[in-house]
Structures are given as C-alpha cells and as structure tokens.
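Worksheet: one structure, shown below.
The values are calculated or read from the model by the stated rules, or taken from the named source; none is laboratory data. Quantities reported herein were computed from a predicted structural model and do not represent experimental measurements. Cβ: placed from backbone, ideal geometry, glycine included. Neighbour counts: every protein chain shown. Areas reflect the complete protein model, heavy atoms only, side chains present, ligands, DNA and RNA absent. Shrake-Rupley method; radii C 1.70, N 1.55, O 1.52, S 1.80 Å.
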Amino acid sequence: MAEIEERLIGMHGGLMQGGAATDDTQRDLRDLLDRVTALRDDVARKAPLLLSDWGARNSLGESDAIRFENRALNLADYLALRRHDLSELQLRLASYGLSSLGRSEAKVRTALDSLIASLRRLCGESEAPYPPATERRAGEEALRGECERIFGATRLGPHTRVMATLPSEAATDAALVQRLLEAGMDCARINCAHDDADAWARMIANIGAARERLGRPCRVLMDIAGPKCRVEKLRAPQKYRAHKGDHLLLLADLDTQLKGRVAIEPSFPEIIDQLEIGAQLWINDGKIGARVVAKAKGEAEIEVFAARAKGERLKVEKGLNFPTTELKLPPLTAKDFADLDFVAEHADLIGFSFVQNPSDIELLQDHLAARRGEKPPPPLVLKIETPLAVRNLPRLILQSMKHNPTAVMIARGDLAVELGFARLSEMQEEMLWLCEAAHVPVVWATQVLDQFVKDGVFSRSETTDAAMAQRADCVMLNKGPHLVEGIAYLRDILARMDRHHLKKFPRFTPLTAWS
C-alpha cells in the first residue's frame, strides 16, 4: 500500500513536499478528504440506529457473538453508506487513481479509513496511518469462512460451488449419483415438494456411498416446500389454451365433475378472499397474466391480459403468483412440519422456501431445535422469492444468523414473476452486494443452463447468464436428462470466469486472445 501511495504522489507532482501541483488540485483533494471524512462519520452515526431498529441482539456464545456483531455492524454500515448517492464522488476519486468504494461491501469502515489515509497523504500528511493488513482482509476472510462452514472446504477448481437438484431417479440409480459427483457437484439439493422420506433416505445413502468411493465431499441441502401456491384442481376442455381476453374463475371449492366455465382451485383456497378487484396473478409460473375483475365469497373472476398469441396451456401443479397482494399464509404447512422430522435428522443444509418475516425464521428455528436435541444448529438457506422477503432481507439475515450459519438463495423464478423481469435484473445485483456486506454466501438459482440440462442444446444467453453467476458463492442447476454434462459445462465456465472476476472485482490476468 505504501509503495502504491508513493507512486500516486509521484504521479500528482509530489504533493507532500515542494510539489508542483496546482492550487486547484490541492483544493479538490482537500474537498474530497472532507467529503469522505463526513461520509465516514455519517456511517458511524447512522449504523447503530439501523441495528437498534432491526433489534439486532443475539443469544450466542462469546466467539459466535463477536462474529455476529461484526457482521451485523458491517451490514448496517453498508446500508448507511448506500443511502447516499455516491456516483459523482466515485468519478472524482477514480480520476486520481483512488478507490471509488466499489469494493467496500465486505469491510465498509476499513475501506473508508483506507481511502481517508490515501487522501490525507496526498494532502501532505505523510504519516497518515492505514488500517492494519489483517483488518483490510477481514471481510473477505469472514465470507470465505462462512462459505466453508456451509458448503464445505474449498477444493481445486472454480471458487463458486455447484449445487444440483436431484431427480427422483437418484433414489434408485446409484451410478447416476456417482456421475454427478464426478462431474463436480459440490452440493446435492433434495426438493421436499417431490418424492417422500423413503426416497430421500435412498438418495442420501447413494450420495454417502459415492462420497466414500470418490473421496470427495458433497453436502446435502433439503428444501422444505413452504406455502407455494399451485393449481390444485382444474376444470377446462381438453387441450384448452388461455388467450388474452379470456375470463376464468378462481374457486375455493371446485368440483371438476360438474360442467361449467373454465375454473381453477388454488392449493391455498383462502387466498381467494384475500384478493381485491384489480389484483394481479400469474399462472403457469409467469406464462399467463390475469387480473381480478369480480369477487364473491370463495370466488373470483379473472381476465387474462398476457399470454402468447397462440395461447397457453393450463396445467395442474403449475405455480400461481400474486405479486400485488401480500398473502397471509402460514410460513410452514402441515406437510412441512411432517417433513421436518426427517429433514432435521438428515440434512446438512435446510432450504426455507417463501420465507418473508423474521418470525417465520424463529418458528423454523424453534422446531429444528426441538427435533435436533444436542446437535448444533444446521445452516439455513433463505430462499428469497417475494417482494416482502426482499424488503425484509436485512432482518431475515440477522434473525437467521443469530442461531444458524446462513446463506441466501436468489430464487429468480418466482422473484421475476413477483417483481417483474426488469426489476429482477437490478435486484439480483443489489442482493449480491447486501449479502456480501453481511458475509453471507449467495446461491444463484433458477433456470441456469436450463435449456442445456433439459435438451442438451447450448444457448448464448444461458452461457452468458452462467458466466454472470460466477459472482455468487454457489450456483444451482435444476434436474434434467443432461444434468451430468451441465455440471461439467458450468464448472468450465466458472473456472474461466475466475480468471477475470472475484465477486465484482475485475482481475487483470494476462489476455491471450491478441498475443
């Protein structure tokens, strides 16, 4: 750092002693120093207020408590910093070859203190101290340590882990599971919305056997389903397609044997009475857009406003989303409580679908503690799928990491439908930054290499998406006939991108294409 500063000082004409820098440059640097110092003071003043507002208290042992407090404070520092528009300040700092704070997430105050030290030296204070090297690296090392706690020790290959959703065949095909590990699967995901405890036990046994044979680790994530709303029952003519302008019914109690208008019964019928006139819903995982145009008890009439020109098929079990309505649903269903008996005993990590409020996490933590006895709390993966979960994300993270190692999954499928695709494009970036500030690993999920895994066909857009996913700590692939090849291809992309990026820090390794 000192060597870099000496070069900077030389570049700008020896500002400390008898330099030829203009008065304008001196005034500009002094103004920058004053602004960054005021910014640092503002962060230090407002971060404790955020912590108090969040109720950031813990009940951990001493070492874990210190770790929690450091992470919570840095998260508050980061959000206090990002309440300012720094874009003009960043350009001015960059024009002097200084840090523009674009990599400040992991250790906010240390980044500000380092920048202030550089500016003070450029303004003539030759002895202005920098934070110790251990402090400057502490944020990145904390995040790396959390990744290893949750996903296991780092091994050769890309730094981003690969998670794969196991198909039902993984319960009976031990050779398939071994091929998945050989291809590079670091974490196996079991979706508890499918199969049953007997099948899950056989999947886990096959993973354990493959781990033993290959001598390599693989954690098991079990994803409890949560209150995912789907098409439970459907009344429609054979091969019916919904078109723009069609009117359908949502019914709380649908008898599919009776003839009548096209109708849907959702898996949570109580949702219908929570809807208002004008409320939007999306059917078939976002392929059909509709809005409520009439209401009665246990019934709503909806009009389709978005569908392909040739129409969209309605299917049982497909997802329903209600982006303009904050649904009041239980965070854990009766099925989830039954599944937890197995999950609490066998899962290395537990995925929490459709978590929205800190109280949801408290409920899960209480039930896990009751089932696990003296076992340590398992890592939780918070699946962020709704606008409310996005708004509550700092509080969700803090509540989870009070008791559990914590990761966040950007569940881009439901999130895109709930937020809109344009908003998702920036929200996935903001969530990556926020989680890095809390030293929380991120899982990048939904439709990564989806066409390739399902059909074995490459796509330029999917390859680019997979390359972007390298900034996360883990990338999830869904199941499909070409999952083994998809894992190997994804690892190749991630390894190539490791040469160029670490998180959102560009790495200037030698370019060879134009040698």
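Tabulated data for the structure shown
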quantity	calculated
Check on Phe352, surrounded by fewer than 20 Cβ atoms within 10 Å (Cβ to Cβ), in contact with a helix residue (DSSP H, G or I) (Cβ under 7 Å, 6 or more places away or on another chain) and closer than 14 Å to Ala225 by Cα	no
Candidates Lys233, Lys328 - the one that is under 28 Å from the mean Cα position of the chain (by Cα) and open to solvent by 40 Å² or more (accessible area, probe 1.4 Å)	Lys328
Any chance Phe452 is aromatic (Phe, Trp, Tyr) and free of Cβ contacts under 8 Å to residues at least 12 places away in the same chain	no
Candidates Asp34, Asp64, filtered to the one that is out of contact with any strand residue (DSSP E or B) (no Cβ under 7 Å at 6 or more places or on another chain), at pLDDT 95 or above and part of a helix (DSSP H, G or I)	Asp34
Long-range neighbours under 9 Å by Cβ, at least six apart or interchain, first residue in a strand (DSSP E or B) within segment 316-329, second of a type in the set (Phe, Trp, Tyr) and open to solvent by less than 40 Å² (accessible area, probe 1.4 Å)	Leu320/Phe268
Of all residues making up segment 95-122, the number that are touching a residue at least 40 places away in the same chain (Cβ under 8 Å), small (Gly, Ala, Ser) and under 18 Å from Pro394 (Cα atoms)	1
Hits in segment 236-278 - residues which are closer than 12 Å to Phe322 by Cβ and crowded, with 18+ Cβ neighbours inside 10 Å	Leu250, Pro266, Phe268, Ile271, Ile272, Leu275
Residue selected from segment 287-315 under the condition assigned to a loop (DSSP other than H, G, I, E, B) and among the basic types (Lys, Arg), by the criterion least open to solvent (accessible area, probe 1.4 Å)	Lys315
Residues being free of Cβ contacts under 8 Å to residues at least 60 places away in the same chain and either of a type in the set (A, V, I, L, M, F, W, C) or more than 23 Å from Leu380 (Cβ to Cβ) (or both) - total across segment 410-428	9
Condition check for Thr160: closer than 30 Å to Asn74 by Cα, touching a helix residue (DSSP H, G or I) at 6+ places or on another chain (Cβ under 7 Å) and β-branched (Val, Ile, Thr)	yes
Strands (runs of 3 or more DSSP E) enclosed by segment 207-286 - at least 3 residues per element that are under 21 Å from Arg189 (Cα atoms)	219-224
Members of segment 377-398 that are in a helix (DSSP H, G or I) and out of contact with any Gly (no Cβ under 9 Å at 6 or more places or on another chain)	Pro387, Leu388, Ala389, Val390, Arg391, Leu393, Pro394, Leu396, Ile397
Glu265 vs. criteria touching a residue at least 40 places away in the same chain (Cβ under 8 Å) and among the charged types (D, E, K, R)	no
Close pairs (7 angstrom Cβ cut-off, 6 or more residues apart or separate chains): over 17 Å from Ile397 (Cβ atoms) and assigned to a loop (DSSP other than H, G, I, E, B) in segment 128-152, among the charged types (D, E, K, R) and open to solvent by 70 Å² or more (accessible area, probe 1.4 Å) anywhere	Ala128/Arg120; Gly152/Arg219
Which numbered condition Leu332 fails, given (1) touching a Cys at 6+ places or on another chain (Cβ under 9 Å); (2) within 22 Å of Leu382 (Cα to Cα); (3) at pLDDT 95 or above	(1)
Positions within segment 388-400 being of a type in the set (S, T, N, Q) and buried (at least 22 other Cβ atoms within 10 Å of the Cβ), in sequence order	Gln399, Ser400
Residue satisfying all of: in segment 168-197; within 22 Å of Gly226 (Cβ to Cβ) and open to solvent by 20 Å² or more (accessible area, probe 1.4 Å); nearest to the chain's Cα centre (by Cα) among these	Asn191
Tally, over segment 364-387, of residues that are open to solvent by less than 60 Å² (accessible area, probe 1.4 Å) and in contact (Cβ under 8 Å) with a residue 12 or more places away in the chain	15
Exclusive hit being part of a loop (DSSP other than H, G, I, E, B) and either out of contact with any Asp or Glu (no Cβ under 6 Å at 6 or more places or on another chain) or modelled with pLDDT under 50 (or both), set Gly19, Gly10	Gly19
Unmet requirement for Arg92, which otherwise passes all of (1) touching a residue at least 24 places away in the same chain (Cβ under 8 Å); (2) part of a loop (DSSP other than H, G, I, E, B); (3) open to solvent by less than 50 Å² (accessible area, probe 1.4 Å)	(2)
Subset of segment 46-61 [basic (Lys, Arg) and modelled with pLDDT under 70]	Arg57
Selection count where residues are part of a loop (DSSP other than H, G, I, E, B) and under 15 Å from Asn404 (Cα atoms), scope segment 356-376	4
Selection count where residues are among the hydroxyl-bearing types (Ser, Thr, Tyr) and within 19 Å of the chain's Cα centre (by Cα), scope segment 331-372	1
Criterion violated by Glu212 - all others in (1) open to solvent by less than 30 Å² (accessible area, probe 1.4 Å); (2) among the acidic types (Asp, Glu); (3) under 16 Å from Leu180 (Cβ atoms) satisfied	(1)
